[in-house]
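A quick write-up on the structure given underneath.
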Amino acid sequence: MGFNKNNNYKPFTSKVWLSSPTMHNGAEMKYVQEAYDTNWMSTVGDNINEVEKIAAKKAGVKYAVALSCGTAALHLCVKFAGEKLYGKPEIGHGAVEGKKVFCSDMTFAATLNPVVYEGGIPVFIDTERDSWNMDPVALEKAFELYPDVKLVISAELYGFSGDIKRIKEICEEHGALLIEDAAEAMGATWDGKQCGSYGDYAAVSYNGNKIITGSAGGCLLTNDLEVANKARKWSTQARENAAWYQHEEVGYNYRMSNVIAGVIRGQYDYLEEHIAQKKAVFERYKEGLKDLPIQMNPFDEKRCVPNYWLSALIIDKDAMCKQVRSDNEALYISEKGKSCPTEILEAISSINAEGRPIWKPMHMQPMYRMNEFITVNGSARAKTNAYIAGELEDVGEDIFNRGLCLPSDNKMTAEQQDVIIEVIKRCFGK
């Protein structure tokens with residue numbers, strides 16, 4: 001059913017995006033022009049070298065390796081972790097072939113796809129309600145069930161970290177390595193330490209909608225020089241140090257372009273400014289929607305300093321109208337005083353603004369529905385009847401059903417945001 005609660009607002013002339021690139025009066029073009037003028041238009045050059053220095057310093061690690069995207073960074077993290085844990089595989093086999101890997105459940109598929117690239121078996125860890133990130137209690141339960149697992153991949157959602165410090169401690173207690181997917185959390189901190197610095201290996205992203213961008217690109221972060229050097233080798237087709245093209249292992253075309261690195265190099269000076277702008281967007285939503293039966297992204301205000309990349313909300317259970325979703329469609333029945341993510345997203349879209357659903361948990365995805373899924377109460381797959389009956393709490397699915405991401409562009413004006421807030425109020429009959 002389409003949005004029908006008397007929306008009298010005219011659509012914005014220019015679309016208000018979820019999160020779009022913000023460029024700065026030629027600051028980025030200076031370095032792009034430098035790449036052009038010096039003819040360093042390939043995957044080597046000063047821009048790449050500088051991005052690696054800046055990225056490592058900002059993240060509080062020793063080394064950063066500039067790559068074509070965040071997924072490439074995660075892939076090399078998985079590959080290196082697998083070889084460190086299990087030894088170098090034979091040609092044609094993955095680094096974690098046949099091994100279980102504990103992965104965040106509520107995240108984008110890019111977090112765990114590299115596990116599958118390398119032949120691993122994702123085991124999904126449910127979400128902590130107070131942070132929307134991997135639940136440390138569920139992770140401990142997973143290690144009780146599968147004590148032989150030696151690799152964990154934890155993502156930080158929408159720029160709001162959960163207790164990544166505790167997750168790291170749990171990994172250390174079980175002799176496991178931690179890969180930290182900080183793609184959405186660049187510049188955020190937990191206990192005063194940068195997201196991306198807790199993992200044994202970590203990844204950040206400069207995708208077009210991230211807090212700073214190069215249109216593409218990512219970095220692998222590590223304190224291990226061997227890992228950094230190996231990542232640089234693997235990302236340039238694993239060419240050996242010989243006068244001819246000699247190869248002893250599989251490599252990838254993953255190195256960052258010096259042109260893209262120029263954009264990223266110019267953007268880094270504005271990271272803190274972008275975070276402040278995103279925080280202002282979040283705070284305006286929080287204040288403007290305070291009388292509605294909703295909650296904004298939850299986080300521990302004493303330990304977490306978010307980057308506020310995306311502002312999101314979750315509707316109170318008793319304020320949800322009837323909503324059903326198939327794999328591809330959603331329907332709802334409008335009710336006075338109630339709403340649902342589908343209705344709010346349609347309302348936002350009707351005024352030419354972009355929102356989107358919360359990440360659909362991985363254990364609900366068609367390709368992963370048969371994979372193991374661990375809640376704080378244990379294996380949901382092993383307790384199928386209890387899981388179906390709702391006796392096992394599935395936090396991620398509940399957040400997905402009741403939550404949505406709001407337009408969070410840092411170029412959105414306060415006046416535009418006021419209109420979006422009023423349209424959301426209309427959905428609840430306010």
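The single condition from (1) surrounded by fewer than 18 Cβ atoms within 10 Å (Cβ to Cβ); (2) at pLDDT 95 or above; (3) of a type in the set (Lys, Arg) that Lys338 fails is (1).
In region 314-345, which residues are part of a loop (DSSP other than H, G, I, E, B) and hydroxyl-bearing (Ser, Thr, Tyr)? Correct list: Ser326, Ser334. Can Glu415 be described as touching a Lys or Arg at 6+ places or on another chain (Cβ under 8 Å), without any contact (Cβ under 8 Å) to a residue 24 or more places away in the chain and over 25 Å from Pro147 (Cα atoms)? Spelling it out, it is not the case that Glu415 is touching a Lys or Arg at 6+ places or on another chain (Cβ under 8 Å), without any contact (Cβ under 8 Å) to a residue 24 or more places away in the chain and over 25 Å from Pro147 (Cα atoms). Every condition in (1) closer than 30 Å to Thr13 by Cβ; (2) modelled with pLDDT of 95 or more holds for Val395 except the one numbered (1).
Quick grid of which residues meet (1) surrounded by fewer than 24 Cβ atoms within 10 Å (Cβ to Cβ); (2) out of contact with any Asp or Glu (no Cβ under 7 Å at 6 or more places or on another chain); (3) hydroxyl-bearing (Ser, Thr, Tyr):
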| site | (1), (2), (3) |
| --- | --- |
| Val115 | no, yes, no |
| Ile121 | yes, yes, no |
| Arg129 | yes, yes, no |
| Pro136 | yes, no, no |
| Glu140 | yes, yes, no |
| Tyr146 | yes, yes, yes |
| Val149 | yes, yes, no |
| Leu157 | no, no, no |
| Ser161 | no, yes, yes |
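Residue-by-condition table, conditions (1) out of contact with any strand residue (DSSP E or B) (no Cβ under 6 Å at 6 or more places or on another chain); (2) modelled with pLDDT of 95 or more; (3) of a type in the set (A, V, I, L, M, F, W, C):
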{"position": "Pro122", "(1), (2), (3)": "no, yes, no"}
{"position": "Met134", "(1), (2), (3)": "no, yes, yes"}
{"position": "Ala142", "(1), (2), (3)": "no, yes, yes"}
{"position": "Gly159", "(1), (2), (3)": "yes, yes, no"}
{"position": "Glu172", "(1), (2), (3)": "yes, yes, no"}
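Counting residues in region 213-232 that are of a type outside the set (Gly, Ala, Ser) and within 28 Å of Gly403 (Cβ to Cβ) gives one or more. Whenever a residue of region 363-375 is buried (at least 18 other Cβ atoms within 10 Å of the Cβ), its partners that are assigned to a helix (DSSP H, G or I) and of a type outside the set (Val, Ile, Thr), lying with C-beta atoms within less than 6 angstrom and at least six residues away or across chains, give the pairs Tyr368/Met362; Phe373/His363; Ile374/Ala138; Ile374/Lys141; Ile374/Ala142; Thr375/Ala138. How many of the residues making up region 189-206 are touching a Leu at 6+ places or on another chain (Cβ under 6 Å) and surrounded by fewer than 24 Cβ atoms within 10 Å (Cβ to Cβ)? Adding up the residues that qualify gives 1. The residue of region 291-302 that is farthest from Met134 (Cα to Cα), among those that are surrounded by fewer than 17 Cβ atoms within 10 Å (Cβ to Cβ) and more than 19 Å from the chain's Cα centre (by Cα), is Asp291. Surrounded by 19 or more Cβ atoms within 10 Å (Cβ to Cβ) and either assigned to a helix (DSSP H, G or I) or at pLDDT below 95 (or both): is that true of Phe80 in this structure? Judged against the criteria, Phe80 is a match.
Taking the numbered list (1) of a type outside the set (A, V, I, L, M, F, W, C); (2) on the phi < 0 side of the Ramachandran plot; (3) at pLDDT 95 or above in turn, Gly87 passes all entries but (2). In this structure, is Tyr308 out of contact with any strand residue (DSSP E or B) (no Cβ under 6 Å at 6 or more places or on another chain), touching a residue at least 12 places away in the same chain (Cβ under 8 Å) and surrounded by fewer than 23 Cβ atoms within 10 Å (Cβ to Cβ)? In short, no. The residue that is farthest from the chain's Cα centre (by Cα), counting only those in region 208-243 that are surrounded by fewer than 23 Cβ atoms within 10 Å (Cβ to Cβ) and of a type in the set (D, E, K, R), is Glu240.
The single condition among (1) under 17 Å from Leu225 (Cα atoms); (2) crowded, with 23+ Cβ neighbours inside 10 Å; (3) in contact with a helix residue (DSSP H, G or I) (Cβ under 8 Å, 6 or more places away or on another chain) that Asn47 does not meet is (1). A Cβ distance below 9 Å, combined with a sequence gap of six or more or placement on separate chains, defines the contacts here; from region 113-135, residues that are not assigned by TED's automatic domain parsing to the domain that holds Arg303 reach residues that are among the aromatic types (Phe, Trp, Tyr) and assigned to a helix (DSSP H, G or I) in the pairs Pro122/Tyr368; Phe124/Tyr368. Screening Val16, Val32 for residues that are under 30 Å from Thr413 (Cβ atoms) and not assigned by TED's automatic domain parsing to the domain that holds Glu248 leaves exactly one candidate, Val16. Close Cβ contacts (under 6 Å, 6 or more residues apart or on different chains) running from residues in region 261-290 that are surrounded by fewer than 21 Cβ atoms within 10 Å (Cβ to Cβ) to residues that are among the small types (Gly, Ala, Ser) comprise Leu271/Gly187. Looking only at region 108-140, residues that are assigned to a loop (DSSP other than H, G, I, E, B) and more than 19 Å from Gly82 (Cβ to Cβ) come to 9 in all.
In this structure, is Leu85 under 27 Å from Ile399 (Cβ atoms), surrounded by fewer than 20 Cβ atoms within 10 Å (Cβ to Cβ) and in contact (Cβ under 8 Å) with a residue 12 or more places away in the chain? So Leu85 does not fit the description; no. In region 48-59, the residues that are under 16 Å from Val259 (Cα atoms) form Cβ pairs under 9 Å with partners that are among the polar types (S, T, N, Q), at six or more places apart or across chains, as follows: Ile48/Ser257; Ile48/Asn258. Just a yes or no: is a residue in region 66-77 in contact with a Lys or Arg (Cβ under 7 Å, 6 or more places away or on another chain), farther than 30 Å from Ile358 by Cα and not in a helix (DSSP H, G or I)? The answer is no; no qualifying residue exists.
The values are calculated or read from the model by the stated rules, or taken from the named source; none is laboratory data. Just so it is clear, the model here is predicted, and its values are computed rather than measured. Every residue, glycine among them, receives a Cβ derived from its backbone with ideal geometry; neighbour counts consider all protein chains shown.
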